[in-house]
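Single-structure report; data block below.
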Amino acid sequence: MIKHYLLITLRHLLRDRMMSFINISGLVIGFSIGILIFQYVNYELSFDEFHANGNETFRLTRSELRNDEILSSGPFTPFSLGVSSLETIPEVVGYSRIHPEESGIVSIKEESRSFEESDILFVDKNFLQLFSYQLLKGDAESCLQGQSNIVISQEAAKKYFGNEDPMGKRLTVSGNWVRSDFIITGVLGNLPSNTHLKFDFLIPMDMLLAHDQYKNSDGWGWTNFVTYLNVDDASSASVVTQKLNRLVDNQIGEELAKANVSWEMTLQSLTDIHLKSDFPEDLAANNGDILNVRILTIIGIFILVIAWANYINLSIGRAIRRAREVGVRKSFGAYKEQIVVQFMAESILLNVLSAMLAIGVSYLLLPALNTIVGVELNLTLFSQPAFWLYAIIILLLGSFLSGFYPAFVIASFHVINALKSEKLQRMGGFALRKGLIIFQFCISLLLISGTYFVYQQIRYMKNKDLGIEMEKILVAKGPRNSDFSASKLRVLKDELKEHNTFESVTCSGHVPSTGFNWRGGVRKLGKAQDQQSDVTVIFVDNEFNSTYDFDFMSGSPFAATMSSHKDGVIINEEAVNMLELGSPEKALEEKLIISAINDTVKIIGVIENFHWSSLKQPNSPYLFAINPYICSYVSSRVTKGGIQESVDHLEETYLSLFPGEPFDYFFLNKEFEKQYKSEVQFGDLLTSFSLLSVIITCLGLFALVTFSTAQRRKEISVRKVHGASLSGLMFLLVREYVILLIIASAISLPVVFYFGQSWMENFAFRKGFDLGVFVFPVLTLAAISFVTILRQILSLARINPTEALRND
C-alpha cells in the first residue's frame, strides 16, 4: 500500500504540474525561511553560552536613584567593588574587571609600523580563567601576571608579524591610559562572533591601577570599570544582590546620602547581556534586542503556518478534480478511513519532500541573510540533535494538521455526487479556504506595515534636525603616538584653513556618537551637595563652537584668549532646566560647582538642545569646557563642493605634522548613523520576510482564484449571454477578494498599532503613527493581489459562452 500511495502521489504531481509547483514552492519557501529565521534566532540566543562558568558568572550593573527615580544606569562600577565582594560575600568565589582603552596606537618598535587600534582592554590577571576564550599560545594563569605582558588575538598576530611566531616579541602601545612597551605572552584564537566582548589586545589591569588617580584613591570614586562576579551557584544571585547593596551602603552610603542619591546594584546573567542591555553607555559590542528576536520568532512561525494554509487551500481545490477517483474507490468498497489515510500519506510525503528541498534552498539563501545581519552565520542548527527532534515533530504535526481536513473533506464525498461531479462546488470547505486567505492577508499586512513603520522611524532619525550640521564636518582621529603641543595644533589649523574648502578646525576629547569625557555631579552655587545632578562634560578648544555652529540662546562662544574651564563653560538648554538655573538669560548670572574637582566655574553661554548621541536617548544636560591638552578628534568644517580634495589636504597636512601616525577619518553624519545599525538590519530582515510572505500568499491566492474561476464558468457564461460587460464581470470576480482584504485589514491594523507602540518605546524621539502606516500596506497588498489574479479573471471574463455552456 505504501508503494501504491507513492505511485498515486507521483502520478497526480505530474498530471497537474502547475498546481504541484505552486504547492511545493509555497512549502519550500515557508520551510527555508523558517530555517533561516530560527538559525538567526538561535545565534542571537547563543551569546556567551560557550563559557564554561557562564551560568555562574554575572555582570554587575549600577543604577543611581534620587527619590526612587532612576537618574542613570549602566554596567560601570568602582574598581574596589569586585575586591570587596570577594572578601565579604561568601557566595562570591571570583571576580574579574575590565577597563577599555578607547583607542591607541600599536606599533612594532623596530620596524616603525603603527596602526590605530580600538579593541584594547585592561583586564585582571584571572580574565582568561574566568572566561573560556581559546588561548592558542601561552599559559592562562601567568600570561597576564606582569605589568609588561600583553596578550593579542590571532588576527592581530597575523597583522603585525605575518607567519612569524609572535611569542616574546615586543609591541609599543600608546593611548589615553598607557604608553609603554609590552612583551607578547599569549595568543588568542579568533573570538567567537557570539560574544558580547570584542578585543584584540589584553593588557594587565595592574598597569592601569598604577596611575596616581587610582593608586591614591580608595577605589570607590571612579566608576569606569566593568565588574564580573563568579558565584558558587546560579541560585545564589538574589542573595548576592542583597549583600552587594548592603556592601555599597556600608562603604559609601553616607557620601551618597549627602548628594541625595542611592545606588542599586543588580546582577546580570552573562547570557542576558547581548539581548537585555539597553544602557546609554555600554562596553558590550553589537547588543541586540530581545523584542526583535521575539518578533522574528513569531514571524517564522507565521510563515510556516502560511505555507501550510496554502497547502490546505490547494488540496481542497484539487479534491474537486479528484472527485471521480474517490467515487470509483468508494464504489469498489474503499472505506472512508482508507481514503483519509491515502491523502494523509500524500500530505506527509509532500511535506517531507518540500522540507528536503528547503534545506538546499536555505543554504542558497544563507549568504543573503549574512549580508543583511553582517555576521558569517553557518547552519549550525543541522548539527544539533534537538533541532532535528523538534523539526521532525513540527513537520509531522504540520503535515497532519494541514492534511487532515482536506483528506476528511475528500473522503466525505458521496459516491453518486462524486461520480456525477454534482454539487461539489458547494463542498470542499470554501468558507474555510476564504478564512485561510484572510489569515494570509493578515500576516502579509502585519509584515508590510512593520517594515513601513521601521523604515519611517529610521528615516525620521536620519532626517531629523540634530542641532548640528553633521554632513559638513570631517573628523580625523587625533595623534596618539606623537608629542602633541599647542603650537602643532595651531600650525595644523592654520594650514587647513588656508585651503579654500576648510572653514574652521577644532580639537576635542569627543565628537557626537563617540561618547564623552566625563559625567558627574554638578550643582548651582549656593545649592547643597544633595541637590546636584549628573551632567555630561565634553572637553573642547576655543574654536569648537564655530566649527559645530551651535545656536546660542544667550551668551557667546569661547573667546580666543580662553585657555581652561576656569575662563567659563558653555551649557545646553537641558542643563539649564536640570540645574534649575531659571532661563537661559538668568543662567549667565549663575556659577556652577563641579564636584569631582571641587571647583567653581561661570557660565558664559547657553546653547539650544542638540543630539550628541542616538535619538533613542532623551535630551541630556551637557557642559563644554576648554582643555587644550586633549585632542582625541580633529573636526573640520568643510564646504560641500570639494569633499575628496578636503580629505586629501587633511591627510597630507596631518601626516606632515605627525609622521608615522595612522590617518583615520570619517564624516560625522555617516559615523552618527552607525548607531542605527541594528534598526536598519531589523528593517532589512522585515523587508525580506515581508516579500517572501507576500509571495507565499500570492501563490495561495492564485490557486484559490484558479479553482474559483473554474467553478464559475457556467455562471459567467450565462451573465455574458444576458449582456454583462467585461468591467462588470471583473468587478463581480474581484469583489470577494476585496472583501477578504478589508476583513484582514480590520483585524491586522490594530495589531500593528499595538506592537508598533511597544517597539517605539525604545526611542526617546519617534515619528509616531500616520495614515501611511495603515494605507500603504493595504494598497500595496491590494495591488500585488490584483496583479496575481488579473490573468485568471481576464481569461474567465473573455470565455466564449457557447463553448462553456456546451461543455457543461
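The values are calculated or read from the model by the stated rules, or taken from the named source; none is laboratory data. Keep in mind it's a predicted model, so treat the numbers as computed, not measured. Glycine also receives a Cβ, built like all others from the backbone with ideal geometry; neighbour counts cover every protein chain displayed. SASA here: full protein model, heavy atoms, side chains in, ligands and nucleic acids out. Shrake-Rupley method; radii C 1.70, N 1.55, O 1.52, S 1.80 Å.
The label point for Lys258 and the one for Leu86, both projected 7 Å from the Cα toward the Cβ, are 3.0 nm apart.
Accessible surface of the chain, 1.4 Å probe: 56 percent of it comes from carbon and sulfur atoms.
Dividing the helix sum by the residues of the chain, where each DSSP H run of 4 or more adds -39500 (n - 2.57), gives a mean residue ellipticity at 222 nm of -16500 deg cm²/dmol. Per residue, the range 459-531 exposes 44 Å² of solvent-accessible protein surface, assessed with a 1.4 angstrom probe and all protein chains in place.
Here the label points at Glu503 and Asn577, each 7 Å from Cα along the C-beta direction, are separated by 2.8 nm in the simple model.
Can you work out the FRET efficiency for the pair His722 and Leu771, with r the C-beta to C-beta distance and R0 = 51 Å, to the nearest 0.05? E(calc), rounded to 0.05, equals 0.75.
With the Kirkwood sum run over all distinct C-alpha pairs, the range 336-382 has a hydrodynamic radius of 13.0 Å.
Please label the shape of the range 188-270 as rounded, prolate or oblate, based on the square roots a ≥ b ≥ c of the eigenvalues of the alpha-carbon gyration tensor (a/c under 1.5 means rounded; beyond that, a/b larger than b/c means prolate, else oblate). Verdict is oblate for the range 188-270.
With the simple model of a label 7 Å out from the Cα in the direction of the Cβ, Phe786 to Asp549 spans 4.6 nm.
Solvent-accessible surface of protein heavy atoms, probed at 1.4 angstrom with all chains present, puts Ile105, Ile630 in the order Ile630, Ile105, largest first. Paramagnetic label reach from Arg490 (point 7 Å along Cα→Cβ; backbone nitrogen cut-off under 17 Å): within the range 547-581, residues 559-564. In the assembled protein chains, Trp308 presents an accessible area of approximately 40 Å² (probe radius 1.4 Å). Here the Karplus curve 6.51 cos²θ - 1.76 cosθ + 1.60, taken at θ = phi - 60°, turns the phi angles of the range 644-657 into couplings of 5, 4, 5, 4, 4, 5, 4, 5, 4, 5, 4, 6, 5, 8 Hz, with x standing for Gly and Pro. Amide H contacts of Glu661: none lie under 5 Å away among residues 5 or more positions distant or on a separate chain (H built 1.01 Å from N in the peptide plane; Pro and chain starts excluded). Pair-distance distribution of the chain: all C-alpha pairs, bin width 10 Å, starting at 0; shares per bin in whole percent are 2, 11, 17, 19, 17, 12, 9, 7, 4, 1, 0.
What the range 224-296 shows is 45 Å² of accessible area per residue, with the surface traced by a 1.4 Å probe over protein heavy atoms.
Structural size metrics of the range 587-744, computed from C-alpha coordinates, are Rg and Dmax of 32.8, 97 Å.
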